[in-house]
Amino acid sequence: MSKMKALACATFAIALLSCARVAPAQISISIGVEPVCPYGYFDYAPYNCAPYGYYGPDWFNGGVFIGAGRWFHGPRGFYGHVDNRYDPHHGYRGPLPARGEEQFNHFHGNEARDGRGHVGKGDHDASNEHALPGYRGGSGHR
């Protein structure tokens with residue numbers, strides 16, 4: 001009888017375990033609020049405002065910054081020019097520019113980045129980027 005009891009208990013346990021419902025996974029990711037900066041922000045934490053001249057015109061769409069890091073909303077495969085002499089990771093210690101400064105017209109890009117912090121080869125030369133049509137100096141923010 002004990003073998004029969006053990007078999008019945010095992011069958012009952014298997015039946016209970018096979019009836020268990022699977023709960024859907026609930027994943028929530030919060031990336032916080034996009035920084036509001038007049039000339040964009042760096043693509044690495046703590047996402048400080050970038051100084052005037054760091055980002056080239058290809059980082060702006062109609063004068064609106066396309067974002068960087070967590071909030072990048074540019075096209076897939078994008079690599080835009082930056083002037084990394086204005087990057088604290090490259091030794092920049094200067095101040096942020098004051099609002100109302102002269103319109104952006106002296107960009108000298110020396111590096112291309114993809115919007116998520118990766119350095120790569122840009123798809124064009126940065127030497128004449130100040131002349132791109134539609135660029136109004138990065139006065140807007142998306």
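Which order do Val64, Val82, Val36 fall in if you start with the one that has the fewest other Cβ atoms within 10 Å?
Details: Val64 14, Val82 28, Val36 10.
The order, fewest Cβ neighbours first, is Val36, Val64, Val82.
Fewest to most neighbouring Cβ within 10 Å: what's the order for Phe65, Phe72, Phe12?
Values: Phe65 26, Phe72 17, Phe12 10.
Ordered by Cβ neighbours within 10 Å, fewest first: Phe12, Phe72, Phe65.
None of the figures in this text is laboratory data; all of them are computed from the coordinates on show. Treat the numbers as computed from the prediction; the structure is a model and nothing was measured. Note: ideal-geometry Cβ built from the backbone for every residue, glycine included; neighbour counts use all protein chains shown.
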